[in-house]
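Report on one structure; see the data block that follows.
Read the figures in this text as sums done on the coordinates, not as results from a lab. No experiment lies behind these values; they were computed from the predicted model shown. Methodologically, a virtual Cβ is constructed for each residue, glycine included, from the backbone with ideal geometry; neighbour enumeration extends over all protein chains shown.
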Amino acid sequence: MYPVAIKIIKNKGNYVRQAQQELSVLEQLNRNDPNDERNVIRVLDNFFFRNHFFIVFELLNADLYSICYHNKFRPFPSEVIFDVAAQVLEALKFTASEGIIHCDLKPENIVLNQREDSLVSCVSLKKNPSSAKDLSRCVLNNKFTGSQMNQYAYKRLKVIDFGSAFVEANAYKQKKFTYIQSRYYRAPEIILGIDNYNYDYSIDVWSFGCILCELKNGFPIFPAQCEGELLERITEYFGDFSSDIIRRSKRAGRFFNKIGDTDEYEMKPNLSKKKRKRHPPCSRTLEAFLGIKGTANPNDDDDGSDSDGPHNNPTKPIQYGSSNNNKEDTNISSLLLQQEFAFLDLIRRCLVIDPKKRITAAAALEHPWIKNWFTIRTATAGKVKIVYK
């Protein structure tokens, strides 16, 4: 006998149908992940009782939002952000390969594993904390040595709640929902109905980028009260929406006005519910929100594309290797600093307004920010103590 989690769906037609759709999605994912390696929650059983529908899941632990809340919304340590990112990307890569769009990725739907190889045991705690508050204190306030970081195993997070998921193979009989994704994590193509709501896996990548920003800062990057305000906040970071994007948008007329007989558009005034003061396009920066100061090389463009050396270019993996301990420490320090700019580069690739130009989950797993963390953990094993403020 072991504890489980049971989801109870009331005996109402739409509720039951949606739950059965979620069950079908999870059964497919579980069936094609027999060794439980892809960070998706496991379904154990399902049944009807007194005309209500029950789905039995493995029992997990606290979700990321609960940990953020009990940590008073302070930023996560960088190595913890990497662990979350790597596992969520693995789940997104897997679901995309199975033709499944999650459609509701957010911190509440990323949950810690309950089993012995959980996040808690990986940092050598004597016993599992009994609450999200204790868990957040243990996880986020630890200072990790290199050897502990190598023990920081990957089997700790699961993506849950596939109730809104869309299966590409069922496109002929499953209508795509147009009102999906929690607002803070909603992609521009969902807000605007770009390409007549012909969205794909890239909407999950947008949500993923928003989550990374939130883990780094402590608070959501787009805390909007309505979709109009959400568009305003996006433009404050990334500039005006292009005419091409607006022309492809089914709901453009709700948010934009055409400028005379030109091919240009402008955002309508007062789109936010509380008449929030709108800041000019590009008046906010990701660097400021993420607390990343300066540039990797002051003579380079933001993306580091003109850099000559691997230690100055966030889009290139960093090779680790040295002949003495002093040089090792120097290389490690340089690598850790460079990771900040690699992280910024990955965020920019996730939060691209045009979904056709957004990075995929598979490509993100190959990004230098992900690759370099493996290098750091190999390089620092048993040698130095890494402390993040």
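A few comments on the model shown:
- Judged by the ratio a/c of the largest to the smallest principal axis of the C-alpha gyration tensor, segment 1-58 counts as oblate, that ratio being 1.5 or greater while a/b is no larger than b/c.
- Spin-label pair Y69-N30: with each label point 7 Å from Cα along the Cα-Cβ axis, the two points sit 2.7 nm from one another.
- In this structure, the residue pairs whose Cα-Cα separation is over 28 Å, taken from K72/K250; K106/K258; K10/K175; K72/K356; K93/K274, are K72/K250; K106/K258; K72/K356; K93/K274.
- Between amide H atoms placed 1.01 Å from N, distances below 5 Å from G239 occur with C282, all of them 5 or more places distant or on a separate chain.
- Length gained on full extension, N14 to E264: 85.8 nm, using 0.36 nm per residue less the C-alpha separation.
- Fewest-first sequence of H367, H102 by Cβ atoms within 10 Å of each Cβ: H367, H102
- Cα centre as origin, Lys/Arg/Asp/Glu Cβ charges: segment 1-58 dipole, Debye: 420 debye
- Label-point separation, A169 to V4 (7 Å along Cα→Cβ), nm: 2.4 nm
- Projecting the Cα atoms of A85, C68, V56 onto the charge dipole of segment 55-98, computed from C-beta unit charges around the Cα centre, puts C68 farthest toward the positive end.
- Inter-probe distance in nm under a simple model that places probes 7 Å from Cα toward Cβ, at K357 and E287: 2.0 nm
- Note on segment 1-58: dipole from Cβ charges, positive end direction compared against V4, L44, Q21; the farthest Cα belongs to Q21.
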